[in-house]
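Q: The structure that follows is given in the form of structure tokens.
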Amino acid sequence: MKKTIGILAAVTSATALSLGATAGTLDDVRAKGHIQCGVSTGVPGFGFTDDAGNWQGFDPSVCQAVAAAVFGDTSKVKYTPTTGKTRFEALKSGEIDMLARNTTWTFSRDVDLGLTFVGVNYYDGQGFIGRKSLGISSAKELDGASVCIQTGTTTELNLADFFRINGLSYEPVPIETNEEARTNYVADRCDVYTTDASGLAATRSTFDDPDAHVVYPEIISKEPLGPLVRQGDDQWADVVRWTLNVMINAEEYGVSSANVDDLKGGSDNPEINRMLGSEGNLNEMIGLDKDWAYNIIKQVGNYGEVFERFLGANTPIGLERGLNALYTDGGLLYAPPMR
Amino acid sequence: MTDAPYQVGQHPDLPPPPSTTGVIGWMRNNLFSSWANALLTIASVLLIYGLATSLYKWGFANADFQGASRNDCTSGGACWALINVRFGQFIYGFYPESQRWRVNLTFIGFLVALWPLLFTGAPARKQLLWYAGVYPILAFVLLLGGFGIEKVETAKFGGFMLTLVIGVTGIAVSLPLGIMLALGRRSDMIFIRAICVGFIEFIRGVPLITLLFVASTLLSFFLPPGTSFDLLLRVLIMVTLFSSAYIAEVVRGGLQAIPVGQQEAANSLGLGYWKTMYLIILPQALKISIPGIVNSFIGLFKDTTLVAIIGLLDPLGIGRAALADTKWQGLAGEVYVFVAILFFIFSFSMSRYSLYLEKKLHVGHES
């Protein structure tokens with residue numbers, strides 16, 4: 001009898017807990033005092049640990065920006081390293097509050113898996129890297145080439161499509177991981193290696209003679225990478241989405257961590273004023289502090305700053321902005337206005 | 001002198017011919033007994049020499065030990081600077097630096113607790129055994145905090161410390177559990193036997209990696225959202241269950257090797273089931289099972305690297321995250337060699353101890 005009561009009590013308290021948890025991720029996050037953020041277990045430039053053991057990179061920056069928006073403190077993030085296999089379950093089960101982990105926005109993930117992609121923070125696509133000594137300048141001249149390819153990924157399918165459309169033949173060299181691909185490619189077991197262009201650039205940066213290799217201009221797939229949250233909590237999705245949008249808009253309006261202090265008091269541009277809170281009440285609509293956008297830009301930086309810090313020309317990865325430039329510079333980044 | 005007559009059987013022993021003794025004799029017998037063997041020997045020596053020298057050049061002579069990034073490694077050999085800079089991470093994971101003494105203390109305490117368990121000759125063994133009994137609680141408090149010391153979340157556990165926590169917990173808990181399962185499987189009580197057989201066969205029929213995925217993804221769906229049932233704890237439970245099923249089968253093998261006469265003799269002396277098991281059957285069965293048990297333990301210890309797949313940062317996970325730092329990219333060889341050395345030290349000591357134990361317990365039947 002006692003046992004039954006115990007079980008009943010456990011069940012009711014569990015239900016109470018689960019009801020309590022649906023109150024909203026933003027409230028939950030505030031109550032526990034930190035954001036639990038899912039990151040990768042290591043992708044060059046996008047997510048890695050520094051020598052002191054802190055998570056850094058292009059993706060963790062998004063989490064830090066959300067922490068800056070919610071708490072005004074980038075350190076209030078706890079990271080959960082997730083792998084390609086555990087990431088979605090970790091998010092769906094509530095173990096993490098948001099996922100920022102090189103995740104491609106696809107139809108089935110968005111619709112079928114019950115997740116909400118809040119935007120795109122990196123437009124990637126599959127490309128090819130080959131030796132300059134091959135003497136070709138385009139992937140369309142790769143007829144008969146041997147290609148190192150990671151098995152079981154969408155890249156494999158994209159590759160087959162590309163060669164079929166262009167009527168070329170190729171010889172696949174199946175490999176398992178990026179590190180293995182690098183080794184095989186360096187050892188000349190394949191003519192070219194194909195994976196996401198950002199990965200190619202990162203891999204190339206580790207070669208002894210990066211200049212002897214060339215990334216061909218053809219990008220054969222769409223890989224929009226972005227942060228995501230659980231479906232069904234629009235308030236929290238808004239917070240993450242507009243954190244990202246603030247970073248992009250800030251770059252467009254020319255607001256950076258260097259000049260945000262000057263602009264905070266007010267400026268000639270009403271967009272900036274609304275964003276930084278000297279005009280209007282955007283912060284009340286989203287339920288955050290008045291300084292939320294200021295904190296993001298001051299503590300993390302605008303999109304361009306973050307890009308340059310981890311991926312840009314001054315890093316060993318040395319990626320061009322390309323598609324990830326603002327729409328005003330011929331790229332795809334276009335955030336809705338702050339009004 | 002040599003001509004002196006001897007009685008039959010009185011001649012003093014002559015030394016063996018010099019060509020069959022000493023280093024030369026040994027080499028002639030073992031390395032150069034025929035042309036084919038001589039060729040093989042020379043080829044092997046050359047091969048070993050070549051490997052050893054290139055390894056030495058790569059790992060020591062041309063290696064860099066200091067530096068802040070890969071660019072500082074200019075000698076062309078291994079770049080141990082990465083290991084040097086991140087040694088703390090490889091050992092302690094993200095455990096706060098100011099609190100790392102607690103991990104060290106736990107480890108020393110572990111060695112002290114191990115001493116009376118492993119060696120009967122330890123001084124003050126009785127007191128030490130008591131200490132070993134309460135050690136798990138001590139370790140728990142030391143590592144996690146509470147009772148006045150700063151709390152550290154298990155999410156901060158990583159590196160080799162994580163390997164040891166998982167490995168040691170799995171080993172320590174799975175042995176008694178495995179013995180119980182083995183006894184249960186041979187029990188006359190049908191219900192207990194059915195449960196044990198079902199459990200063992202289920203666990204043995206499923207790969208560890210599947211159980212780890214269940215632990216990391218599925219379990220949290222059964223729990224109310226918001227209640228975070230610690231991931232490390234879930235992994236520990238799964239690893240322990242997995243290992244106990246294997247131990248159970250190893251121990252069952254030992255139990256079956258004991259002649260039924262032993263049991264009958266114990267019964268005729270009036271010993272009950274538990275006394276029979278404790279005094280007669282298990283001591284013999286476990287002695288037989290030692291190689292198998294230690295084999296399982298070593299396997300378990302190495303299997304802990306699988307947790308990297310569900311996002312726990314064991315030494316391999318730490319290595320992967322470190323290699324993603326653009327400062328250190330492309331040093332996979334160094335990381336894996338280092339991790340391999342760490343694992344070898346522990347696995348090799350375990351296997352040596354098992355040999356020692358077998359020799360020590362080797363009192364009776366030589367088979």
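Q: Taking amide hydrogens as modeled 1.01 Å from N in the peptide plane, which residues meet the under 5 Å criterion relative to A:H213, leaving out close sequence neighbours?
A: Under 5 Å from the amide H of A:H213: A:K132.
Q: Which whole number gives the average, over all residues in A:49-58, of C-beta atoms from other chains lying within 10 Å of the residue C-beta?
A: Mean partner shielding for this stretch: 6.
Q: Give, rounded to the nearest 20 debye, the magnitude of the charge dipole that the protein assembly as shown has about its Cα centre when Lys and Arg contribute +1 at Cβ and Asp and Glu contribute -1 at Cβ.
A: 3020 debye
Q: Under a Cβ-only charge scheme (Lys and Arg +1, Asp and Glu -1), can you give me the dipole magnitude of chain B about the Cα centre, in debye to the nearest 20?
A: Using Cβ point charges on Lys, Arg, Asp and Glu, chain B gives about 480 debye.
Q: Counting DSSP beta bridges in the range A:126-221, what percent are antiparallel, to the nearest 5?
A: On the way: 8 of 17 bridges.
Looking only at bridges with both residues in the range A:126-221, the antiparallel portion is about 45 percent.
Q: Further question: Roughly what % antiparallel, to the nearest 5, for the DSSP beta bridges in the protein assembly as shown?
A: Details: 20 of 38 bridges.
Restricted to the protein assembly as shown, the bridges split so that about 55 percent are antiparallel.
Q: While we're here: Between their Cα atoms, which of B:K57/B:K302; B:K302/B:K360; B:K275/B:K359; A:K76/A:K298; B:K287/B:K360 are more than 18 Å away from each other?
A: Values: B:K57/B:K302 29 Å; B:K302/B:K360 26 Å; B:K275/B:K359 26 Å; A:K76/A:K298 16 Å; B:K287/B:K360 10 Å.
Checking Cα-Cα distances, B:K57/B:K302; B:K302/B:K360; B:K275/B:K359 exceed 18 Å.
Q: Is the shape of the protein assembly as shown rounded, prolate or oblate, going by the alpha carbon gyration tensor and its root eigenvalues a ≥ b ≥ c, with a/c under 1.5 for rounded and a/b larger than b/c for prolate? Before the final figure, lay out the partial values.
A: Numbers: a/c = 2.32, a/b = 1.45, b/c = 1.60.
Here the protein assembly as shown falls in the oblate category.
Q: Write out the cysteines belonging to the protein assembly as shown for which the nearest other cysteine Cβ is not under 4.7 Å, or none if no such cysteine exists.
A: Lone cysteines by the Cβ rule: B:C196.
Q: Can you tell me the 0 to 90 degree angle between the C-alpha axis of helix A:154-165 and the longest principal axis of chain A, rounded to 10?
A: 40 degrees
Q: May I have the convex hull volume per residue, in Å³, for the Cα set of the range B:18-61?
A: Normalising the Cα hull of the range B:18-61 by residue number yields 66 Å³.
Q: Round to a whole angstrom and tell me the spacing of the C-alpha centers of the range B:279-314 and the range A:301-318.
A: Value for the Cα centre distance between the two parts: 47 Å.
Q: To continue, here is another question. Kindly state, to the nearest 0.05, the FRET efficiency for A:H34 paired with B:H11, given R0 = 60 Å and r defined as their beta-carbon distance. Can you show the working numbers first?
A: Working: r = 91 Å, r/R0 = 1.52.
That pair, A:H34 with B:H11, gives E of 0.10.
Q: Taking every residue in A:87-94, how many Cβ atoms of other protein chains lie within 10 Å of its Cβ, on average?
A: Counting other chains' Cβ atoms within 10 Å and averaging over A:87-94 gives 5.
Q: Would you list A:M98, A:M285, A:M338 from fewest to most Cβ contacts within 10 Å? Intermediate results must be reported in sequence, preceding the final value.
A: On the way: A:M98 26, A:M285 10, A:M338 20.
With the sparsest Cβ surroundings first, the list reads A:M285, A:M338, A:M98.
Q: Expected output is a single nm value to one decimal: the length gained when fully extending between A:D209 and A:R109, i.e. 0.36 nm times separation in residues minus the C-alpha distance. What is it?
A: Difference between extended and current length: 32.1 nm.
Q: Which percent, nearest 5, of DSSP beta bridges in chain A are antiparallel?
A: That works out to approximately 55 percent antiparallel.
Q: Looking at B:T120, B:F229, B:H11, which one has the Cα that reaches farthest to the positive end of the dipole of chain B (charges on Cβ: Lys, Arg +1; Asp, Glu -1)?
A: It is B:F229, whose Cα lies furthest towards the positive end.
Q: Give me B:F242, B:F199, B:F229 ranked fewest to most by other Cβ atoms within 10 Å of their Cβ, as a rough exposure proxy.
A: Ascending Cβ contact count within 10 Å gives the list B:F229, B:F199, B:F242.
Q: Would you please report the Å³ per residue occupied by the convex hull of the alpha carbon atoms in the range B:28-164?
A: Convex hull volume per residue, Cα atoms: 199 Å³.
Q: Does chain A come out rounded, prolate or oblate by the C-alpha gyration tensor, with a ≥ b ≥ c the root eigenvalues, rounded set by a/c under 1.5 and, if not, prolate when a/b is larger than b/c and oblate if not?
A: It is oblate, given that a/c is not under 1.5 and a/b is not larger than b/c.
Q: Dipole of the range A:68-137 (Lys/Arg Cβ +1, Asp/Glu Cβ -1, origin at the Cα centre): which of A:L115, A:N102, A:V70 lies farthest to the positive side?
A: Ranked along the dipole, the leading option is A:N102.
Q: A follow-up question, please. Hey, fewest Cβ within 10 Å first, where do A:V111, A:V240, A:V43 land in order?
A: If I rank by nearby Cβ atoms, fewest first, I get A:V111, A:V43, A:V240.
Q: Multiply the residue separation of B:R100 and B:V197 by 0.36 nm, subtract the distance between their alpha-carbon atoms, and state the gained length in nm to one decimal.
A: Answer, rounded to one decimal: 30.6 nm.
Q: What's the FRET efficiency of B:H362 with B:Y278 using the Cβ-Cβ distance as r and R₀ = 22 Å, to the nearest 0.05? Walk me through the intermediate numbers first.
A: Working: r = 21 Å, r/R0 = 0.97.
Working from the Cβ atoms, E equals 0.55.
Q: R0 = 35 Å: FRET efficiency of B:F147 with B:L117, Cβ-based, nearest 0.05?
A: 0.85
Q: Then there is this: Based on Cβ point charges of +1 for Lys and Arg and -1 for Asp and Glu, what charge dipole magnitude is obtained for chain A about its Cα centre, in debye rounded to the nearest 20?
A: Dipole magnitude for chain A comes out near 1100 debye.
Q: Please name whichever of B:G261, B:F90, B:M189 sits farthest to the positive end of the charge dipole of chain B, dipole taken about the Cα centre and charges placed at Cβ: Lys and Arg +1, Asp and Glu -1.
A: Towards the positive end, the residue furthest out is B:M189.
Q: Return, ordered by residue number, the residues of the range B:243-264 whose backbone nitrogen is under 12 Å from a label point located 7 Å along Cα→Cβ of B:R186.
A: B:249-264
Q: Given points 7 Å out from each Cα along the Cα-Cβ axis, report the A:E176 to B:I209 separation in nanometres with one decimal.
A: 0.7 nm
Values in this text are rule-based calculations from the coordinates and carry no lab data. Only a predicted model underlies this, so the values are computations on that prediction, with no experimental measurement involved. No Cβ is skipped: glycine too gets one built from the backbone with ideal geometry, and neighbour counts run over all protein chains shown.
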